[in-house]
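The values are calculated or read from the model by the stated rules, or taken from the named source; none is laboratory data. Remember, predicted model here, so these are calculated numbers, not experimental data. Every residue, glycine among them, receives a Cβ derived from its backbone with ideal geometry; neighbour counts consider all protein chains shown.
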Amino acid sequence: MPADNKRIAVIPGDGIGPEVIGQAMRVLERVKETHGIELELVHFDWGADKYLNEGISLPPGALEMLSSEFNAILAGAFGDPRVTSNKHAEDILLGMRRGLDLYINLRPVRLLDARLTPLRNARVEDIDFVVFRENTEGAYCGAGGFLRKGTSEEIATQEELNTRRGVERIIVAAFEYARANGRKRVTMADKSNVQRFGGDLWQRVFKEVAADYSELEANHQYVDAMAMFMVLNPAQYDVIVSNNLFGDILTDLGAAIQGGLGLAASGNIHPGRVSLFEPVHGSAPPLAGKGKANPVGAILTSAMMLEYLGHKKASEAIGKAVSEAISHDETTPDLGGVLSTEQVGTAILQRINGD
């Protein structure tokens, strides 16, 4: 295998996952031709069908295999009504995030066409920021339990875990990204006026890290205020950093103001290691097999993956092709278009060239 060959593990998943990832793979095959990129796409059938048929979610040794044999992972969506516990989805997705220590959940929020946003009078240049969401701890650590479950005196606890190491490394990552990409401001969102202990840790670490990046503006907003300002004045944001729960909520709001979840891409990253890239939307079982799913989120996710792998020109070519397709109304019904999932994929890949 040539030294510059990149091996990609492709896990389409459930619902609309195989449809949208199929279009992303077509686009990747296209940039292999136009940009001379060497990619080996290796398919894995992990998902609801395998779990129901074989009782296997994330196979034994999968994480070690992914770490040692692949450069990146491209995943679709996980979730199937036949698996009411959603155990397979948790095992696969959270298993990779935690098991591979993918502590950065990176979600760009960028408006590609002013017609897409529900915000009145918002311009394309007003919505262009990235969110760094802590991805391995916080409220999603799984700590908690029940006391007297099923009785009238039931008590449920859900604990949030914040470590100095976890908080510091996500904040450093946000500042490093801002410095490397010409961003001017890093804004930290928390609820430290109520969540005093975890919030205190986040506040202290943010101030300490910010002192090492004096050329960047560092400011803080309570998360409820940020949700309001993201609607009223999104242009103020460059880079946002927050914990797992708040980052999850804010990025869905960000997806809404850029035109919907069908456009939203994300990366689960540990710099220098194999990392996982997935569109933000869910598996949407009612849409599966109907050709209505928007593949743009998956395609832009593949572009993020290429940039992470060092193929910035190919990544930019994909982004440009997506923007042009949208400007020409070559979209699925959720964006007001009439094209199918496959037709949108075709419209985008036909606009990719090596210039």
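See the values below:
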{"quantity": "In the range 189-212, the residues that are aliphatic (A, V, I, L, M) and free of Cβ contacts under 8 Å to residues at least 60 places away in the same chain", "calculated": "194, 201, 205, 209, 210, 211"}
{"quantity": "2 or more residues touching a residue at least 60 places away in the same chain (Cβ under 8 Å) and either touching a strand residue (DSSP E or B) at 6+ places or on another chain (Cβ under 8 Å) or polar (S, T, N, Q) (or both): qualifying strands (runs of 3 or more DSSP E) within the range 1-81", "calculated": "6-13, 72-77"}
{"quantity": "Condition broken by residue 294, with the remaining ones in (1) assigned to a helix (DSSP H, G or I); (2) within 30 Å of residue 5 (Cα to Cα) satisfied", "calculated": "(1)"}
{"quantity": "Exclusive hit being within 12 Å of residue 109 (Cβ to Cβ), in a helix (DSSP H, G or I) and not polar (S, T, N, Q), set 250, 245", "calculated": "250"}
{"quantity": "Output for the range 324-355, where each listed residue is assigned to a loop (DSSP other than H, G, I, E, B), polar (S, T, N, Q) and either crowded, with 17+ Cβ neighbours inside 10 Å or modelled with pLDDT under 95 (or both)", "calculated": "331, 332, 340, 353"}
{"quantity": "Among (1) buried (at least 20 other Cβ atoms within 10 Å of the Cβ); (2) modelled with pLDDT of 95 or more - the single one residue 281 does not satisfy", "calculated": "(2)"}
{"quantity": "Complete set of residues in the range 191-208 that are over 14 Å from residue 161 (Cα atoms) and either out of contact with any Lys or Arg (no Cβ under 9 Å at 6 or more places or on another chain) or not hydrophobic (A, V, I, L, M, F, W, C) (or both)", "calculated": "191, 192, 193, 194, 203, 204, 206, 207, 208"}
{"quantity": "All positions within the range 256-285 that are farther than 20 Å from residue 46 by Cα and out of contact with any Phe, Trp or Tyr (no Cβ under 8 Å at 6 or more places or on another chain)", "calculated": "256, 257, 258, 259, 260, 261, 262, 263, 264, 271, 272, 273"}
{"quantity": "Pair list, Cβ < 8 Å and 6+ apart or interchain, from the range 306-332 residues that are more than 13 Å from residue 349 (Cα to Cα) to residues that are hydroxyl-bearing (Ser, Thr, Tyr)", "calculated": "306/315; 307/315; 308/275; 332/340; 332/341"}
{"quantity": "Among (1) surrounded by 20 or more Cβ atoms within 10 Å (Cβ to Cβ); (2) more than 30 Å from residue 354 (Cβ to Cβ) - the single one residue 27 does not satisfy", "calculated": "(2)"}
{"quantity": "So residue 168, is it charged (D, E, K, R) and touching a strand residue (DSSP E or B) at 6+ places or on another chain (Cβ under 9 Å)", "calculated": "no"}
{"quantity": "Only listed residue being surrounded by fewer than 22 Cβ atoms within 10 Å (Cβ to Cβ), farther than 30 Å from residue 226 by Cα and touching an Asp or Glu at 6+ places or on another chain (Cβ under 6 Å), chosen from 85, 57", "calculated": "57"}
{"quantity": "Single match in 314, 293, 303 (criterion: surrounded by 20 or more Cβ atoms within 10 Å (Cβ to Cβ), within 14 Å of residue 24 (Cβ to Cβ) and more than 18 Å from the chain's Cα centre (by Cα))", "calculated": "314"}
{"quantity": "Condition broken by residue 63, with the remaining ones in (1) within 22 Å of residue 142 (Cβ to Cβ); (2) modelled with pLDDT under 95 satisfied", "calculated": "(2)"}
